[in-house]
Amino acid sequence: MKVNGYKIEPGANLKEVNFEGANLYKAKLTSANLSNTNLVKAKLIKARLSEANLKGANLFEADLERANLTSAILEGVDLRGANLTLASFRNAYLVEANLSGANLFTTSLFQANLSNANLSNANLLGADFQESICVGTNLRGANLWHANLLWVNLQGAILQYALLSGANLQATGLTEANCAEADFTGAHMPGVRLNSTNLSNADLSDADLSDADLSGANLKGANLSNANLKGANLTGATMPDGTIHD
């Protein structure tokens with residue numbers, strides 16, 4: 001298979017090649033070098049990109065539906081507005097990647113590293129983040145309804161205005177995260193670590209916060225109606241009415 005005169009095959013060296021708008025449907029590019037490659041609006045549906053090097057690549061509005069990017073290097077990539085529905089990013093390296101406004105509906109991010117990545121306003125409905133690293137990740141305004149965030153490290157992450165209704169955040173680490181005005185209604189959060197977290201004006205109604213660590217958290221203006229706080233640590237937390245918990 002050749003595209004724009006370049007042979008498309010596993011291990012190919014396609015560094016800095018211009019594939020803007022190219023049709024790479026089902027392309028077999030396992031372990032290929034695609035660093036700094038122009039893939040703007042490229043069609044990569046069902047492409048095989050596991051272990052590929054895409055560092056610095058431009059995938060703005062590219063279509064990667066059902067693509068396999070397991071263990072791929074995607075540091076600093078531009079995936080703004082990309083279609084990543086049902087794609088696999090298992091064990092992928094996405095540090096400082098820009099996925100703002102991308103569609104990651106039911107996408108797998110299992111054990112991926114998304115530290116300092118930008119997923120603001122992204123659609124992450126039903127996405128699987130289990131055991132991923134999201135330190136400092138920007139998820140402002142993201143749709144995480146029913147997403148799986150089990151055992152995820154979200155320390156210092158930004159989740160302001162994020163939608164997390166029905167999400168699984170069991171044993172998730174949200175220490176010092178900004179979750180102001182986020183929607184956690186009905187979320188499954190037993191054992192979640194929310195110490196020193198900003199939860200001001202957040203909606204935690206009907207959430208399961210049993211055994212959660214909320215020490216030092218800011219809950220001013222938060223909605224805790226029908227929330228399960230059995231065994232939760234609220235030491236030093238600012239409560240919804242502005243008082244400090246003993």
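The values are calculated or read from the model by the stated rules, or taken from the named source; none is laboratory data. Model, not experiment: these values are computed from the prediction. No Cβ is skipped: glycine too gets one built from the backbone with ideal geometry, and neighbour counts run over all protein chains shown.
Here are the numbers for the structure shown:
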quantity: Near pairs, Cβ below 9 angstrom, 6+ apart or cross-chain, from segment 199-227 (basic (Lys, Arg) and in a loop (DSSP other than H, G, I, E, B)) to any residue that is surrounded by 19 or more Cβ atoms within 10 Å (Cβ to Cβ) and at pLDDT 95 or above; calculated: Lys220/Leu199; Lys220/Ser200; Lys220/Thr238
quantity: Top-ranked residue in segment 156-188 [being touching a Leu at 6+ places or on another chain (Cβ under 7 Å) and of a type in the set (S, T, N, Q); ranked as nearest to Leu104 (Cα to Cα)]; calculated: Asn168
quantity: Residue match in segment 143-151 (condition: among the aliphatic types (A, V, I, L, M), modelled with pLDDT of 95 or more and over 11 Å from the mean Cα position of the chain (by Cα)); calculated: yes
quantity: Hits in segment 189-199 (condition: farther than 15 Å from Ala157 by Cα and out of contact with any Leu (no Cβ under 7 Å at 6 or more places or on another chain)); calculated: Pro190, Gly191
quantity: Residue match in segment 4-11 (condition: at pLDDT 95 or above, of a type in the set (Ser, Thr, Tyr), touching a Leu at 6+ places or on another chain (Cβ under 7 Å) and under 14 Å from Glu75 (Cα atoms)); calculated: no
quantity: Residue list for segment 1-28, restricted to those being farther than 14 Å from Leu64 by Cα, exposed (fewer than 15 other Cβ atoms within 10 Å of the Cβ) and of a type in the set (Gly, Ala, Ser); calculated: Gly5, Gly11
quantity: Filter pass, Asp208 being more than 18 Å from the chain's Cα centre (by Cα) and farther than 18 Å from Gly221 by Cα; calculated: yes
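Residue-wise test of (1) farther than 25 Å from Thr137 by Cα; (2) surrounded by 24 or more Cβ atoms within 10 Å (Cβ to Cβ).
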| site | (1), (2) |
| --- | --- |
| Glu181 | no, no |
| Thr185 | no, no |
| Val192 | no, yes |
| Asp203 | no, no |
| Asp206 | yes, no |
| Leu214 | no, yes |
| Leu229 | yes, no |
| Pro240 | yes, no |
